[in-house]
Structure formats: C-alpha cells, structure tokens
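This report concerns only the one structure given below.
The values are calculated or read from the model by the stated rules, or taken from the named source; none is laboratory data. Just so it is clear, the model here is predicted, and its values are computed rather than measured. Reconstructed Cβ throughout: ideal geometry from the backbone, glycine too, with neighbour counts over all protein chains shown. Accessible surface is based on the protein model in full, side chains and every heavy atom, while ligands, DNA and RNA are left aside. Shrake-Rupley method; radii C 1.70, N 1.55, O 1.52, S 1.80 Å.
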Amino acid sequence: MKQSRPALLPIVTLAVLLAGRAAASTECDDAFVQAQKTFALGIFEDVPEQLAPCRGAGIPRRVAIDVHRLLALTYLYDDRPELARKEVSAILRLDSGFGVTSPVRFKSLVDEVRLEQQVTQVASVSKTSEPLREAPATVVVVTADEIHRRGYIDLEQLLHDLPGFDLSRTNGDIYSFINLRGYRSTQSDRLLLIVDGVEQNELSTNTLYLSRQYALSNIERVEVVYGPASTMYGANAYTGVISIITKQPEVLLGEKNQSAISAQTTVDGHGSGNVDLTLAGRNGAGTIAWSLAGNFQQSQERDLSSFDDWDYTYRNFDYAGAMRLSGTDADEFMAAGACAQPSPYFQCDEAGRTVELTPAGVSLVRGLDRQLIEQNALGFDDRAKNWSVDGKVRISNLTIGVQSWRSEEGTGSTNFAYMNAGNDSWTPRNTAFYLKYSIPLETVKLNLFSRYVQTSFDRESTSYHYFHNYARGFLNLWSLVPPCQTFYDQEPISCAPADTWSRQVLYGALSSQLRSELNLVYEPSSTFNGVAGVELAKSSIQSTFDEISTAPVAHDPAFDARPEQVEHTDIAFYAQSSYRPRPSLRMILAGRL
C-alpha cells in the first residue's frame, strides 16, 4: 500500500482540482441567476456583491463574458459609466467580435470602447487580438482617423512619419527603398508587407514594390511590428512586418445604411493625380456584406534632363577625355595603321603616345549619340501609373476576397543618359484570392486562412534599352576607322564612322503560391492564452526572368534566358503562449519549426 500511494497522488490531486472547479462553476451559476433577478428588480447596488463567486480563475470563458455583460449593464444603469466601460473592455478582451443590438445605450458603449481599442489592440504580433501594451514586440498603430487628419495621400508617405524607418525615394523601378531600424537591403526584401494577412512581396526575390497603389480610404489601421517576427510569419519577416488591416463593410455602412461610398481625389497642374474610391453594401437581413476599394494614380515625376547625368543631348559630355587613348592603347591603335592617313576626327601624337578627338570628331560622335535618341523617340520621361482593386464578401464567419495591383514606374531617375533610355519602365503585378473562415467555440477559436498569390511582370511595359554609343564607351576611336570593330561591337551596322544602336530587352516572369494556414486560439481565462498553427505552402517560382531582345544587329546568345519553374513545398508549425501569474508579470513562450 505504501508503494501505491505516490502513483495515486497525482490522480487524487487532479480529481480534487476538477471537483473544486466544478463546485466553483456551480456556485457561480447560482450566484449569476440570483444577480439577474436582483438586476431585474433594479437593485443595482447589490449585483456586484452577488457576482463575487464568479470572479475566480476557474470560470469558463462563456460564463465570464455573461458576468462582465451583466456588470456592465448594472454600472451603466447605476450611472457609473467608468466602471461600465471597464467591464466592456474586459468583454472585448475575451471576445473581440462581441456584438449586441440592445439596449441602445449598451450597444453604443460597446461600439465606443471597441473604437478606442483599435489603437490599444493589435492583431499582427500573435495573429490574435491582444492589448497593445502586452504584445510581445514593439508595435506602432496608425488608425484611419490619423491617416485622414494627417492628410496622407499614399502608404509610403505614412511610413515617412514613423520612428525607425529610413526611406530613400528614387522614383525608379523600386519607387522607394524602405529600411527599418538601420538595416539596409538592396531591394527592401527583408521587410514583409501584408494586407489582411495576404503577403504583398514579390515571390521569387521577396522584393517589396511599395509605391502608390493602395487605397487609403479602405484602411482601418496600419500595424507595424518592429524587429524579427519569424515565429508567426516565417523567415521573410526579418526586420519587421507592415500589416494593413482594411475596413469591414459594417464600419463603412454604419448602423442603418445598406450602401455607402467613400472617395478622395487629388490633382495638380501637371497632369498628376490620384483617385481613391471605396464602396460597401449589405443585404436587408444583414447576413451578407461586401466592400470594393479601388485606387488609380498617375504622375509625371520631376524632369532631371537639366542635369548633365540625365541630359540626352550630351551637350556637356566630355567626349575628348572619355575617348582619349594613351600609352600602350595609343601604341596599339597606331600600330594597326589607323594613323597612316590623316583624319578630320582624331589626331595622333606618336612622340607623346596619345590619340585624341579633334573638335570635328567631338561634334561627330555627339551628333551620332543624339541621333540615336531622336530617331528612336528616347529621352527622359519618368512617368508612373499605379492601380489596385480590393474586394471582399463576408457571409457570417466566412470571408472571400480578391486583391490585385499593378505598379508601373519609370526608371529614368535611376539610370544615367549615357547608359540607358530615360523612358523605360518597370512593372510588377500582384494578384491574390483568399478565403477566411473562423469557428468560435467555448474556449477555443478555430481559424482557416487560405490564399493563392501570383506575382508577375508585364512584359510590354517592363523593359530596358541598353545603349551601344560613344558616351558609354561601347563605341570608341576604333569605331572611326575601318573595320570599325570594338570589343563590344564586333559587327558594326556601319563603318567609318560606326553608327550607334540600342538593344531593347523585355522582361517577363510569373510565380505563384498556394498557402493554407490552420490555427487554434485558446483563451480559457484572462490569465492564460495561446495560439498554435500549421502552414502549408506549395510554390512555383520562376528561377530568373525570361527575356526578349531586339536590336539592329545579329542576335546575342547572352540574352537567351532559359528560366525554369522551381516547384517546392514548405510546411511550418508554430505556437505561442502567454501566462500572467500576476497583474504586473507576463511570460511569453513561442517557437516555430
């Protein structure tokens, strides 16, 4: 018998604990019934004392919500609004989707507290709603009201005002480089941008093409998580996460409206402008609600052609200095007999071992370079066109949505006039379909989130012109004497002098990913909560760009890109739990595999 006691002790202890919880629950049930009767009689001052047995940690979550609701109503009718507000706040912590239709005063209080908590509640750190001060990360929240009051026109402007961000706006193929907390990357590829949980980074390189394509009128709030967030979001969330949460249709509609519209537009005198529009509606029974947001932006960026680096007339380019030969280069030129006959375009100095352009030669090559620009309608033209569409339909706990955007940005500002055309553009696209479904149970909430994402580049408007001209050095003094061959121009299209030409390369790419996530949120009490989930991703990633090259010379095999689709599967498990043994102490444990 003595040997069996240790084995029985845990079982006996568990039985005692369960019996104690059952007794506490029964005692609370009795107290709750009595408190309801007291409330109905209007004896409000006795209700809080009668509900004292329901303040323990072993009370089920559903019962706890009912208790807080009764207390909130009691304080509300007893003209103690601050205590009522505190109880409503406790309800929303237990159930962020809590909603009522009556009494009207109580519904108004719930809506008011929920609106206030949009600033103090975040959902992007742990993938479940939690108080901002208790989130296990540094988080900044910008609400729709702040976006409106500060007059932001696009999301990139908003990030300029946030601490820890270092933005470099180039107006080039990547409109703005975004660096967080001092970590600089060449393509903003260490920062994750998500809209309603859907990743926006380009799939093959994780490049963040953040321009002016998102509709601000549809944004409920922007949550920025500073620092690595890989436990919940994987390795791509290296420096942080920018999470855009769009408005629910009910927020746009209000209490009584069945349809609503929100719009804003900006226009300047240079043909640049932005149109931002959001529509919302619901059926008569309120069981189906939808919203559709769109944004269109176009602009003509600053003309840089007055600066020498972007001057496509090459009026101040130093051809004489750039094309001058000296030393062994000059010896080789003269040894080939290039100086045997006098030329009006260059002069040879055998004693000084130099070969230089004459003023006539400078005029000749400058004219040839200008001719390339004029005949091909090239030159500086840094334009931008961005648009996006975001639509969703909510049917009870099911939300089905679609997101699509396209960003066409000119590359003129990031390339110099002697290298590339100033009117090229870079045009990534992103399209996503997603489905969200949640099942709220007693102490557990089950969430399913599936999305199909496709990233691509529009071939017709994603291109570069690569110059074979004198300013770039692809053509040089050797191009002025037969056979006019240079290292970069083995087959000149004319000779003595060789003519300038340009190769246009069109780029295309298509990658896709199907990602599904299932997680459980467990909140048995106000002292403990946890979330655990599994992610499965099937991806088809294009290994490199496919290219189409056009030029007035023989095809160059170097531009024959043969990309392959890399198929792979990723699976991940993650979990995070929080325990608060005391009001001033909270412990977090999290991990990902």
At 1.306 mPa s and 10 °C, Stokes diffusion of region 435-577 via Kirkwood alpha-carbon radius, µm² per second
79
Cα centroids of region 308-336 and region 382-426: how far apart, whole angstrom?
40
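Hey, with R₀ at 30 Å, roughly what FRET efficiency would A260 and V140 work out to, going by the Cβ-Cβ distance, to 0.05?
0.55
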Once phi for every residue in region 366-381 is put through the Karplus expression 6.51 cos²θ - 1.76 cosθ + 1.60 (θ = phi - 60°), the whole-Hz ³J(HN,Hα) values, with Gly and Pro written as x, are 5, x, 5, 5, 5, 4, 4, 5, 5, 5, 9, 6, 9, x, 6, 7
Rounded to whole Hz, the Karplus (6.51, -1.76, 1.60) HN-Hα couplings of region 140-151, x for glycine and proline
10, 10, 10, 8, 4, 5, 5, 4, 5, 5, 8, x
Extension gain (nm, one decimal) between A590 and Q187, 0.36 nm per residue minus Cα-Cα
142.1 nm
Point-to-point label distance, N316-D268, nm (Cα→Cβ direction, 7 Å offset):
2.4
For region 525-575, what does the equivalent ellipsoid look like in terms of its semi-axes, each the square root of 5 times an eigenvalue of the Cα gyration tensor, given largest first in whole Å?
49, 11, 6
Here the FRET efficiency for L518 versus C495, based on Cβ atoms and R0 = 56 Å and rounded to 0.05, is 0.20
If I take the Cα coordinates of region 257-383 and project them onto the principal axes, what are the three extents in Å, biggest first?
96, 30, 23
Computed over all unlike Cα pairs, the Kirkwood hydrodynamic radius of the chain in Å stands at 29.1
List the GluC sites (Glu not before Pro) within region 540-593 that DSSP assigns to loop and that have no more than 14 neighbouring Cβ atoms inside 10 Å.
E564
Pop out the carbon and sulfur fraction of the accessible area of the chain as a percent, whole number, probe 1.4 Å.
55
Rounded to the nearest 500, the 222 nm mean residue ellipticity computed for the chain from DSSP H runs (n ≥ 4, each -39500 (n - 2.57)) alone is -7500 deg cm²/dmol
L520 - accessible surface, heavy atoms, 1.4 Å probe, Å² rounded to 10:
90
Derived scalar couplings ³J(HN,Hα) [region 215-224; Karplus, 6.51 cos²θ - 1.76 cosθ + 1.60; whole Hz; x for Gly, Pro]:
7, 6, 5, 9, 8, 7, 6, 10, 10, 10
Cut-off under 5 Å, modelled amide H: who pairs with E220 long-range
I245, T246, K247
Can you give me the distance in nm between label points at E460 and R562, each placed 7 Å from the Cα along the Cα-to-Cβ direction?
3.0
Cα-only radius of gyration and Dmax that characterise region 218-259, units Å
15.2, 44
Using 1/(1 + (r/R0)^6) with R0 = 45 angstrom and r between the beta carbons of Q485 and S540, what's the FRET efficiency to the nearest 0.05?
0.55
At a 1.4 Å probe radius, which order do H468, H555 fall into by accessible area, largest first?
H555, H468
Roughly what would the spin-label model give for D349 and R149, points 7 Å off Cα along C-beta, in nm?
7.1
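Against the 2.2 N^0.38 Å scaling, with N counting residues, where does region 378-470 land? I'd like the Cα-based Rg ratio to two decimal places.
With N residues counted in region 378-470, Rg over 2.2 N^0.38 Å equals 1.71.
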